[in-house]
1. Of the numbered conditions (1) part of a loop (DSSP other than H, G, I, E, B); (2) over 19 Å from the mean Cα position of the chain (by Cα); (3) surrounded by 14 or more Cβ atoms within 10 Å (Cβ to Cβ), VAL122 fails exactly one; give the number of that condition.
2. Tell me which helices (runs of 4 or more DSSP H) are completely within the stretch 128-231 and hold 3 or more residues being touching a Lys or Arg at 6+ places or on another chain (Cβ under 9 Å), or say none if there are none.
3. Test each condition in (1) surrounded by 15 or more Cβ atoms within 10 Å (Cβ to Cβ); (2) in contact with a strand residue (DSSP E or B) (Cβ under 8 Å, 6 or more places away or on another chain) for MET1 and report the one that comes out false.
4. Can you find a residue in the stretch 198-216 that is under 30 Å from VAL75 (Cβ atoms), under 18 Å from the mean Cα position of the chain (by Cα), at pLDDT below 90 and surrounded by fewer than 16 Cβ atoms within 10 Å (Cβ to Cβ)?
5. From the list LEU24, LEU28, LEU63, which residue is in a helix (DSSP H, G or I) and farther than 22 Å from ARG120 by Cα?
6. Quick check: is even one residue across the stretch 4-11 in the same structural domain as GLY115 (by TED's automatic domain parsing), part of a helix (DSSP H, G or I) and either under 27 Å from GLY164 (Cα atoms) or within 22 Å of the chain's Cα centre (by Cα) (or both)?
7. List the number of the failed condition for TRP184; all other conditions in (1) without any contact (Cβ under 8 Å) to a residue 40 or more places away in the chain; (2) aromatic (Phe, Trp, Tyr); (3) in the same structural domain as GLY35 (by TED's automatic domain parsing) hold.
8. State which residue is nearest to GLY33 (Cα to Cα) when the search covers only the stretch 106-119 and only residues that are in a helix (DSSP H, G or I) and modelled with pLDDT under 90.
Amino acid sequence: MLRFEVSVEDLLRSRFALSPALDLCLLLRSLAGQGRPLPRAWASRLLPTFERLRHETELNVVLALHNPQSGPNFVAPPPRGLNQTWADDLAVIQATPLEAARHEIAATATGPSAGDPRVRAVLNSTDVVPSVAEAMDRAWHELLAADWPQLRAICERDVVHRVGVIGEHGWATTIESLHPGIAWRDGGIEIGFFRGGTVRLAGDGLLLIPSAVVGHIAAHTEDPWPRTLVYPARGTAALWGEQETVPQPDALTALVGRARARLLVALDAPASTSHLARSLTMTPGAVGDHLAILRGAGLLVRARSGRSVLYRRTPLGEALVAGTG
């Protein structure tokens, strides 16, 4: 069992972040047959490009750095916050000192292509860091960039939901809601299906990262990462064709129209116009028009949160979705 000892100071310092590089690494593992199996639609769309990149770039070198247990930190640097971009991650990867990269490579280069002589030659070269960075940048732009706005919007909405749970029910309920196998007991977070003993956060808090690609809980417990839990973001199961599905509100669609029904159903957690547009692949203008009509009908309310305006269903909107979904 893995247990995080949590103090009051740790709760004050716990925070959320997004990690494009981590989701890219998880996607590459899945495409290589190491991680979570991809849905058929994703696999059929991405696998041809993935195989081409293995021939055109040093992507096999990147895959050699990922074994089923872990990978080097320099290809998935710790994120700084919710505004993390791929450009931020790429800059950190490119700036990795050669000796630091070689130290991590020696410990982790046991992935599926590690025995390839060409791969070994690159791993042992002085150009290994730029080679890895270039291959990952190509993989990002050709495999994940087109889907990232929608996936990022799902992760951002997850954070909004979790913050709301913290405000209404507290940290213990929020942590336990991340996964059925996580429990809050005696001032600590326990994950029964992990090995790792007891880890003290020592006043630094816990970093929580929603992921659109991870299929289970993942944890970082060693430097240079802060103590971290990576968890599946709410709403991704529908993308993967799993148990959580988006309701098909036929009666609601007949009543308010397909686009407005989709928006009402999607607002199971507060969201902004831009988040809804990205996650539902609609134009911001169309989303704004539909939200205004739904708000005028008393089905939604809006409130400012920082720089964003978030919409949420009213009790009438909740009842309408529950009764027709």
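1. That leaves (1) as the condition not met.
2. Values: elements: 128-139, 148-169, 171-176.
Counting at least 3 such residues, we get 148-169.
3. In the conditions (1) surrounded by 15 or more Cβ atoms within 10 Å (Cβ to Cβ); (2) in contact with a strand residue (DSSP E or B) (Cβ under 8 Å, 6 or more places away or on another chain), MET1 misses (1) alone.
4. Yes: one or more hits.
5. Values: LEU28 fails: farther than 22 Å from ARG120 by Cα; LEU63 fails: farther than 22 Å from ARG120 by Cα.
Of LEU24, LEU28, LEU63, the one residue that is in a helix (DSSP H, G or I) and farther than 22 Å from ARG120 by Cα is LEU24.
6. Within the stretch 4-11, none of the residues are in the same structural domain as GLY115 (by TED's automatic domain parsing), part of a helix (DSSP H, G or I) and either under 27 Å from GLY164 (Cα atoms) or within 22 Å of the chain's Cα centre (by Cα) (or both).
7. (3)
8. First pass over the stretch 106-119, keeping only residues in a helix (DSSP H, G or I): 106-108, 117-119.
So of that shortlist, the ones also modelled with pLDDT under 90 come out as 106-108.
Working: ALA106: 23, ALA107: 21, THR108: 18 Å.
Step by step, filter the stretch 106-119, then rank; the result is THR108.
The values are calculated or read from the model by the stated rules, or taken from the named source; none is laboratory data. What you are looking at is a predicted structure, and each value in this text was computed from that prediction instead of being measured. Cβ: placed from backbone, ideal geometry, glycine included. Neighbour counts: every protein chain shown.
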